Amino acid sequence: MSRAVLQVFEQYQKARVTFVQTVADLSTRPQNVEALQNADVMSLLRPLLLDNVPSIQQSAALALGRLANYNDDLAEAVVGNGILPQLVYSLSEKNRFYKKAAAFVLRAVAKHSPQLAQAVVDSGALDALVGCLEEFDPSVKEAAAWALGYIARHNAELA
């Protein structure tokens, strides 16, 4: 590949990394959440969960988790944008850092209400989270255990 063509692809990758890391940082501050929501950040982060660069996938999941953790409207937006099935599918495929971030998103969605916890269950997350309990990395096990705990705490049926 010529140098000019290669440079375009390098710039594109750097821009994706910068974008997703900045959104993840912005989503830690409550004063930014409404602006991110108004900018339809969920639909911008969703395709980045499938990016070919693992650090971009992980940062996208982290940003989604932080947003979903903020309030039930944002958690419902994660469900409404069809993000849960992508996360569940990726739990069995990706590296430990992504698995930890994906489990965090599932926990952040499930914590708000029995209905959102049921949406996490309906996405097929239980088997994937139980599989994460068998991971070597203790941080993945912990994230999966937290997610399962938040699902189960709402009512006996979910437990």
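Of all the listed residues (Ser43, Ser59, Ser27, Ser55), the sole one being closer than 14 Å to Gln86 by Cβ and of a type in the set (Ser, Thr, Tyr) is Ser43. Inside the range 60-98, residues that are basic (Lys, Arg) and in contact with a Leu (Cβ under 6 Å, 6 or more places away or on another chain) make up a count of 0. The residues of the range 104-121 that are in contact (Cβ under 8 Å) with a residue 24 or more places away in the chain, more than 21 Å from Glu135 (Cβ to Cβ) and open to solvent by 40 Å² or more (accessible area, probe 1.4 Å), listed by number, are Lys111, His112, Pro114, Gln118. Within the range 20-36, can you find the residues that are out of contact with any helix residue (DSSP H, G or I) (no Cβ under 6 Å at 6 or more places or on another chain) and open to solvent by 80 Å² or more (accessible area, probe 1.4 Å)? Hits for the range 20-36 are Asp25, Arg29, Gln31, Glu34. Among the residues of the range 117-159, those that are among the aromatic types (Phe, Trp, Tyr) and under 20 Å from Arg66 (Cα atoms) comprise Trp146, Tyr150.
Ala101 meets all of the listed conditions (1) open to solvent by 60 Å² or more (accessible area, probe 1.4 Å); (2) closer than 20 Å to Arg66 by Cα but one, namely (1).
Listed here are the residues, each with its yes/no results for (1) in a loop (DSSP other than H, G, I, E, B); (2) modelled with pLDDT of 90 or more.
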{"residue": "Ser90", "(1), (2)": "no, no"}
{"residue": "Ala101", "(1), (2)": "no, yes"}
{"residue": "Val109", "(1), (2)": "no, yes"}
{"residue": "Val120", "(1), (2)": "no, yes"}
{"residue": "Val130", "(1), (2)": "no, yes"}
{"residue": "Ala156", "(1), (2)": "yes, no"}
{"residue": "Ala159", "(1), (2)": "yes, no"}
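Of all residues in the range 55-82, those being loosely packed, with under 15 Cβ neighbours inside 10 Å and in contact with a Lys or Arg (Cβ under 7 Å, 6 or more places away or on another chain) number 0.
The values are calculated or read from the model by the stated rules, or taken from the named source; none is laboratory data. All figures in this text were calculated on a predicted structure; none of them were measured in a lab. Glycine also receives a Cβ, built like all others from the backbone with ideal geometry; neighbour counts cover every protein chain displayed. All accessible areas refer to the heavy atoms of the entire protein, side chains included, with ligands and DNA or RNA removed. Shrake-Rupley method; radii C 1.70, N 1.55, O 1.52, S 1.80 Å.
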